[in-house]
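A.B. asks: Starting off with a structure, shown below.
The values are calculated or read from the model by the stated rules, or taken from the named source; none is laboratory data. Every value quoted in this text rests on a predicted model; they were computed, and no experiment measured them. As a convention, Cβ positions derive from the backbone with ideal geometry for all residues, glycine included, and neighbour counts pool all protein chains shown. Each accessible area value is taken on the protein alone, full model and side chains, heavy atoms only, with ligands, DNA and RNA left out. Shrake-Rupley method; radii C 1.70, N 1.55, O 1.52, S 1.80 Å.
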Amino acid sequence: MADDHMVQLTQQGYDELVAELEELTQVKIPAAINRVALARSQGDLRENSEYHAAREELAMLEGKRDELDSILQHAQIIAKSNGDIVSLGSEVEVEINGNGGRHVFTIVGEWEANPREKRIS
């Protein structure tokens, strides 16, 4: 991510990323470090598949931690707009053609998008 690239987030999205980062640093990474240490103690590392799997998991978690840290450092929290302007944080009601159904979507930044939760970027 470029240093000058701001990441737009809603307050909820920012809070969720902070919680995910805390879980990574306080729970998941320490557990992965323990798994590596345990696997290392089981003998020959060249043929120890548990050790290699544990190292890969630790590397993946550390990469995710670094990515989240970078996102949060470049975060710009966008407040909901009032009135008829659609922007980050806005809820938009969409009518589905043909069946008369309606769905409400929340407009969010790219890092918060989740179509299953009706959160679109």
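A.B. asks: Report yes if Asn34 is open to solvent by 90 Å² or more (accessible area, probe 1.4 Å) and either of a type in the set (Val, Ile, Thr) or in a loop (DSSP other than H, G, I, E, B) (or both), otherwise no.
C.D. replies: It is false that Asn34 is open to solvent by 90 Å² or more (accessible area, probe 1.4 Å) and either of a type in the set (Val, Ile, Thr) or in a loop (DSSP other than H, G, I, E, B) (or both).
A.B. asks: Give me the pairs: first residue in the range 26-37 and closer than 15 Å to Met60 by Cβ, second residue aliphatic (A, V, I, L, M) and at pLDDT 95 or above, beta-carbon distance under 8 Å, and six or more apart or on different chains, which are they?
C.D. replies: Within 8 Å, the pairs are Lys28/Leu61; Ile29/Leu58; Ile29/Leu61; Ala32/Leu58; Ala32/Leu61; Ile33/Leu58; Arg35/Leu58; Val36/Leu58.
A.B. asks: Mind telling me which of the residues Gly89, Gly43, Gly63 ends up being small (Gly, Ala, Ser) and either open to solvent by 80 Å² or more (accessible area, probe 1.4 Å) or touching a Lys or Arg at 6+ places or on another chain (Cβ under 6 Å) (or both)?
C.D. replies: From the options Gly89, Gly43, Gly63, the qualifying one is Gly89.
A.B. asks: Here's a check for you: in the range 46-60, which residue that is farther than 30 Å from Tyr14 by Cα and part of a helix (DSSP H, G or I) is most open to solvent (accessible area, probe 1.4 Å)?
C.D. replies: Arg46
A.B. asks: Here's a follow-up. Give just the number: which of (1) part of a helix (DSSP H, G or I); (2) among the basic types (Lys, Arg); (3) under 18 Å from Arg119 (Cα atoms) does Arg65 not satisfy?
C.D. replies: The failed condition is (3).
A.B. asks: Condition first: of a type in the set (Val, Ile, Thr), touching a His at 6+ places or on another chain (Cβ under 9 Å) and not in a helix (DSSP H, G or I). Can you find one or more residues in the range 2-24 that meet it?
C.D. replies: Yes, there is a match, as at least one residue in the range 2-24 is of a type in the set (Val, Ile, Thr), touching a His at 6+ places or on another chain (Cβ under 9 Å) and not in a helix (DSSP H, G or I).
A.B. asks: So for the range 1-12 (the condition being touching a residue at least 60 places away in the same chain (Cβ under 8 Å), surrounded by fewer than 13 Cβ atoms within 10 Å (Cβ to Cβ) and closer than 11 Å to Glu112 by Cβ), does at least one residue qualify?
C.D. replies: Looking through the range 1-12, at least one residue is touching a residue at least 60 places away in the same chain (Cβ under 8 Å), surrounded by fewer than 13 Cβ atoms within 10 Å (Cβ to Cβ) and closer than 11 Å to Glu112 by Cβ.
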